[in-house]
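A.B. asks: Below is one structure. I have some questions about it.
The values are calculated or read from the model by the stated rules, or taken from the named source; none is laboratory data. What you see is a predicted model; the values in this text were computed from it and never measured. When we count neighbours, we look across all protein chains shown, and the Cβ atoms used for this are built from the backbone with ideal geometry, even at glycine.
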Amino acid sequence: MTDSCSLRTAVVGTTCSGKSTLAKRLADKISAEFIELDALHWEPNWTEAPPELFRARVQFAIQAEKWVTAGNYHEVRDLVWARAQSVIWLDYPFSIVFWRLLRRTVRRSVFQEDLWNGNRENLWTHLKLWSEDSLFHWLFKTYWRRKQEFPLLFRLPQHAHLRVIKLNHPGEAELWLSSIDPA
């Protein structure tokens with residue numbers, strides 16, 4: 001059995017749940033624009049884009065007829081979710097996202113992967129769990145909050161138009177993605 005997919009989909013979830021990976025694969029499968037919100041948000045030297053510039057970039061990007069976004073930025077949620085037809089929520093167990101974050105951070109640090117606008121991750125920065133700059137700190141700070149926040153957001157009247165697809169495990173996401181009919 002194949003599933004159909006909306007023309008405009010937002011992929012959300014906690015840090016390192018695989019939002020960008022799933023969104024990119026889905027966009028490729030359905031021939032849609034892939035919009036990585038991190039790429040629109042981060043300037044060189046890990047400087048955040050001014051809010052008005054970030055919103056303008058997102059507003060421009062979501063004018064495409066067919067797109068898939070990856071990201072949770074509340075500053076642009078009103079823009080993205082208003083145009084989206086569906087939201088895919090990657091609600092994976094903490095153990096999975098923690099180990100994914102550890103592996104990804106080590107890989108990106110060791111190989112000095114170029115992320116957005118020349119930014120690179122630094123392993124030592126992220127291992128400082130007390131630091132606001134640490135992605136591990138961010139994971140601990142937001143993981144349980146998102147589990148409570150997203151269901152409440154999905155029930156708001158302004159989001160009633162959204163088809164919500166909750167995926168609880170990477171294997172479930174793989175099965176769902178394989179069920180998508182590119183047509």
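One line per residue, one yes/no per condition, for (1) within 26 Å of Arg77 (Cα to Cα); (2) in a loop (DSSP other than H, G, I, E, B); (3) at pLDDT 95 or above; (4) within 20 Å of the chain's Cα centre (by Cα):
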{"residue": "Arg107", "(1), (2), (3), (4)": "no, no, no, yes"}
{"residue": "Pro151", "(1), (2), (3), (4)": "yes, no, yes, yes"}
{"residue": "Gln158", "(1), (2), (3), (4)": "yes, no, yes, no"}
{"residue": "Trp176", "(1), (2), (3), (4)": "yes, no, yes, yes"}
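A.B. asks: Okay, moving on. Hey, among the residues in segment 112-139 that are among the hydrophobic types (A, V, I, L, M, F, W, C) and closer than 22 Å to Thr21 by Cβ, which one's modelled with the lowest pLDDT?
C.D. replies: Leu123
A.B. asks: Out of Phe54, Phe60, Phe98, report the one residue that is free of Cβ contacts under 8 Å to residues at least 40 places away in the same chain and under 21 Å from Trp138 (Cα atoms).
C.D. replies: Phe54
A.B. asks: What pairs come up if the first residue lies in segment 10-24 and is over 8 Å from Ala70 (Cβ atoms), the second is part of a loop (DSSP other than H, G, I, E, B) and among the polar types (S, T, N, Q), and their beta carbons are under 6 Å apart, counting only those six or more places apart or on different chains?
C.D. replies: Within 6 Å, the pairs are Val12/Asn72.
A.B. asks: Residues that are surrounded by 13 or more Cβ atoms within 10 Å (Cβ to Cβ) and of a type in the set (Asp, Glu): which helices (runs of 4 or more DSSP H) entirely in segment 33-95 hold 1 or more of them?
C.D. replies: Hits in segment 33-95: 37-41, 74-83.
A.B. asks: Counting only residues that are crowded, with 16+ Cβ neighbours inside 10 Å and either modelled with pLDDT under 95 or among the basic types (Lys, Arg) (or both), how many does segment 1-19 have?
C.D. replies: Total satisfying the criteria: 9.
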